[in-house]
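Structure, as structure tokens:
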Amino acid sequence: MFIQMKVAGIMLDPVSNMPIIILRDLEEKDTLPIWIGVVEASSIAMQLEKIKIPRPLTHDLLKNILEQLQVAVVKIEVTDLRDNTFYALIHLNTPAGALTVDSRPSDAIALALRTESPIFVEEKVLEKSRTMEKESGFSEENKEKWREILENLRPEDFGKYKQ
């Protein structure tokens, strides 16, 4: 079963300084952190902040190409978590019919934000993420700190990168 989620914001991992995109379900019960690259985080942050640039960057270019080809992004789905890697699909409606494209979640989310398309996460991904947290090499203190951070996130915690 898929759960609709939204981008709650972007934060930095206090240990690795890597960006984390935080997805939260619409009822604000479940939270899914996904570690992403700096370039993708920047692209997502620019869209969250509605920053306009004179020339299109990669995700803007992809959106423009899809529009010119009369292809609509129907939704994106985060479908799996294997070996610490998240997987996603972009569902497209083309003049020739429906099409599904494999994607990294960060790219799919960046595109979904630009096309105002819904974001869904497979329930098993949330379960695997929780299990991974339990089985990780983090100390109990670090696990508890992360659990506290994720459970108590408020929009103002994201600084300028909130939605």
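The peptide list 14-20, 27-33, put in order of mean Cβ contacts within 10 Å with the highest first, becomes 27-33, 14-20. Each of the peptides 86-99, 48-61 was scored by the mean count of other Cβ atoms within 10 Å over its residues; in descending order, highest first, they stand as 86-99, 48-61.
Pairs to check: LYS50/LYS124; LYS63/LYS124; LYS6/LYS124; LYS50/LYS128; LYS52/LYS124; LYS29/LYS50. Give those whose C-alpha atoms are more than 25 Å from each other in this structure. Among LYS50/LYS124; LYS63/LYS124; LYS6/LYS124; LYS50/LYS128; LYS52/LYS124; LYS29/LYS50, the Cα-Cα distance tops 25 Å for LYS50/LYS124; LYS63/LYS124; LYS50/LYS128; LYS52/LYS124; LYS29/LYS50.
Taken together, the values in this text are just the output of simple stated rules run on the coordinates, not laboratory data. The structure displayed is predicted, hence computed values, not measured ones. We place every Cβ from the backbone using ideal geometry, glycine too, and count neighbours over all the protein chains shown.
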